[in-house]
Amino acid sequence: MIYVYAVCDPETADPVPARRGLGGAALRVAVADGLAALYSRHRTLQPRPSPQAMWTQERTVRALMDRGAVLPMRFGTQLADEAALVETLTARRDELAAGLDRVRGCVELGLRVVADRLAAPPQAAESGRDYLLERVEEHRRAEQAARDVHAPLARLACESRVRRRTAAPTLFAAAYLVERDAAPAFRAEVERAAAGLSGVRAVCTGPWPPYGFVDAEET
């Protein structure tokens, strides 16, 4: 059984990053048809998305991202063996190569617009109306945040993805594919846009590997 972390150009994976993968396994590289994949070999592996496992994958992919374009695989991506990996690289060569070109020179930055105060659930019948009004107000703030924050950020990004569902206190969440050199300007725009918000705050995270732009549909 092998665990696959990312696809990249062969030169990006040469030499193999000097770190360990999940379960302390050695990192290996398979090359086929002008593409490379970083993986580790395991006798048995049942990856669970624990904080430690997620960070191990994140740091492993980042080791490649610091060198060049990378297509990170979703957590839990496994194949039977190296032969299956080579077959996948060959069969999906055009798709994967196009994906690499799409994210080349870019990183992912995340944005969350968060309510300063989470509306409490109604404790009695007479508080139900106030609770519903508060939820309406949260929805209004989310729409306003989308207009005031997302639009200028989307113009700075190569692509953007808006998360369809968020959990309170997050009112709005999105990911942006940004040219690496433009990341400081993007963060400055977040601060500028956030300064005009009332009752909410904007949180910018990253840079991350472009997980949100590997196979997500544009929104």
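FYI, it's all coordinate maths here, none of it is from the lab. Just so it is clear, the model here is predicted, and its values are computed rather than measured.
Descriptive notes on the structure:
- Note: the chain, Cα convex hull, 141 Å³ per residue.
- The helix-only estimate of mean residue ellipticity at 222 nm for the chain, built from DSSP H runs of length n ≥ 4 each weighted as -39500 (n - 2.57), is -10000 deg cm²/dmol after division by the residue total.
- Sequence-separation-based contact order of the chain, relative, with Cα cut under 8 Å and 6+ spacing, percent: 23 percent
- Residue-wise HN-Hα couplings along segment 175-181, as the Karplus relation 6.51 cos²θ - 1.76 cosθ + 1.60 with θ = phi - 60° gives them from phi, are 10, 10, 8, 10, 4, 3, 5 Hz; Gly and Pro carry x.
- Acute angle (nearest 10 degrees) that the helix 82-91 long axis makes with the longest principal axis of the chain, alpha-carbon atoms: 70 degrees
- Under a Gaussian network description of the chain, with springs only between Cα atoms under 10 Å, the residue in Ala80, Ala175, Ala32 that fluctuates furthest is Ala80.
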